[in-house]
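Below you'll find the structure, written out as structure tokens, and then a few comments.
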Amino acid sequence: MEYKVILEVKNVKGECAAGYKAGDKIVLDGFLINTKESCNVCLYAMGALLPYLTVLHRETSEEDWINQIKALQCPDPSNTVIFTIRREKSTN
């Protein structure tokens, strides 16, 4: 089973160079970015989040460490973007 992963901007500390604001979303359906449901995608944030995203879109046991993570952040130390994580069963 694959999951749809929704990253939603919870808050921005400073001013995001990619222009993210609270409520913006990046939607991954399996291993693809759903461009119809996503705002712009920052490559720096995506690069930092990718190791987590590869696990989040797959079936995992309830005890798996990935299920304990509720938020991720981009690597910019001065203008950090905090993303909340939601998983839904994929329809694909």
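Overview of values
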| item | result |
| --- | --- |
| Per-residue ³J(HN,Hα) for the stretch 37-42, Karplus 6.51 cos²θ - 1.76 cosθ + 1.60, θ = phi - 60°, Hz, x for Gly and Pro | 9, 9, 8, 4, 10, 7 |
| Within the chain, helix-based [θ] at 222 nm, where runs of 4 or more DSSP H residues each add -39,500 (n - 2.57), nearest 500 | -5000 deg cm²/dmol |
| For the stretch 26-92, size of Cβ-based charge dipole, Lys and Arg +1, Asp and Glu -1, in debye | 160 debye |
| Virtual spin-label span in nm between R87 and N34, 7 Å along Cα→Cβ | 1.6 nm |
| Eligible aspartates and glutamates near K21 by straight Cα distance, threshold 16 Å, same-chain separation 8 or greater | E8, E37, D76 |
| J(HN,Hα) series, the stretch 29-34, from Karplus relation 6.51 cos²θ - 1.76 cosθ + 1.60, nearest Hz, glycine and proline x | 10, x, 9, 10, 7, 7 |
| Rounded to whole Hz, the Karplus (6.51, -1.76, 1.60) HN-Hα couplings of the stretch 68-75, x for glycine and proline | 8, 7, 10, 8, 9, 9, 6, x |
| FRET efficiency, A48 to K70 (Cβ-Cβ, R0 25 Å, nearest 0.05) | 0.90 |
| Order of K13, K70 under a 10 Å beta carbon neighbour criterion, fewest first | K70, K13 |
| Partners for K4 among lysines (Cα-Cα distance below 17 Å; same-chain residues under 8 apart left out) | K25, K36, K70, K89 |
| Neighbour-count ranking [beta-carbon atoms within 10 angstrom, fewest first] of F83, F31 | F31, F83 |
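Laboratory data are not the source of any read-out in this text; all were calculated from the coordinates shown. Because the structure is predicted, anything quoted here is derived from the model rather than measured. Ideal geometry is used to build each Cβ from the backbone, glycine not excepted, and the neighbour counts take in all protein chains shown.
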